[in-house]
1. Could you give the distance between the Cα centres of the stretch 203-259 and the stretch 120-168, to the whole Å?
2. Report the gain in length on full extension from CYS257 to ALA182: 0.36 nm times residue separation, minus Cα-Cα distance, nm rounded to one decimal.
3. Can you tally the net charge around GLY152? Count Lys and Arg as +1, Asp and Glu as -1, for every other residue whose Cβ sits under 11 Å from the Cβ of GLY152.
4. With all protein chains present, how much of the accessible area of the stretch 117-259 (probe radius 1.4 Å) comes from carbon and sulfur, to the nearest whole percent?
5. Just to verify a number: FRET efficiency for VAL244 and GLN61, C-beta to C-beta distance, R0 = 41 Å, to 0.05?
6. Accessible area per residue, 1.4 Å probe, Å², for the stretch 109-259: what's the number?
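The values are calculated or read from the model by the stated rules, or taken from the named source; none is laboratory data. Quantities reported herein were computed from a predicted structural model and do not represent experimental measurements. Because the Cβ atoms are built from the backbone with ideal geometry, glycine has one as well, and the counts that use them run over all protein chains shown. Surface areas here come from the heavy atoms of the whole protein model, side chains and all, with no ligands, DNA or RNA. Shrake-Rupley method; radii C 1.70, N 1.55, O 1.52, S 1.80 Å.
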Amino acid sequence: MMNQRNTRLLRTAAVLVGLLGVLTMSASAMHIAEGYLPVGWAAGWGVVCVPFVVAGFLSIQKKVAQAVKRARHLAGFFAIKKKVEQAPRAKILLAMCGAFAFVLSALKIPSVSGSCSHPTGVGLGAILFGPMTMAVLGLIVLLFQALLLAHGGLTTLGANTFSMAIAGPIVSWAVYKLLRKAKAQAAVAVFAAAALGDLFTYVVTSFQLGVIDGGMARYLMVFAVTQIPLAIAEGLLTVVVFNVLEKYSKTELETLCVL
């Protein structure tokens, strides 16, 4: 069960999301819409994403291997049993991070033409597994949303992947690492990482849209109205989830070198 602090954080996040009407789905609202970008820009963003996605696949294999190796070191005489058990646990956490991103980024409200505001959910995965891992998970999330929810599109998959699954997670990971190195509390570091990663995603999206018509400043101002409260709500919700993981999956977080 959640403690009183987590309950307060969750309620605050829910109020912020509820006030914005994020839970009402709109068929016209999406990431960057299908066909919105010129062919050259759409292809270019796709090419830019390729090395990050490849690095992400390698990162996932490395993270799971590190978890197994560290578990063996911590387990002593029970190393073999722990090795067998630890990889599935790391994979379960990985799948949970993907599901977290899928659910949060599917909650959307219309914003400027051709796009929408919504949480991203990528900060948690970036903190636990690193930013390159989220390039793969984010690509999968965006692909399923484009195919199943008409949220985003296949022609804009590269641009959406770069903003939400590459740029945002890099910022989240860097902020978390810097704050933890500065001896900040885990909750503070997690909140700042999730919120700033969310906001930076929309800075990149504004740039992607702005280079088409020269209206980056306009996009930033319009996005800010909805995205700043959403970023705060996402930060609070991510802290709640992290606190639960810290309580019930502390061993797994230690093997992933998060704690």
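1. One Cα centre to the other: 12 Å.
2. Between CYS257 and ALA182, full extension yields an extra 25.3 nm.
3. With Lys, Arg at +1 and Asp, Glu at -1, the net is 0.
4. 74 percent
5. The calculated FRET efficiency here is 0.95.
6. With the other protein chains kept in place, the stretch 109-259 gives 35 Å² per residue.
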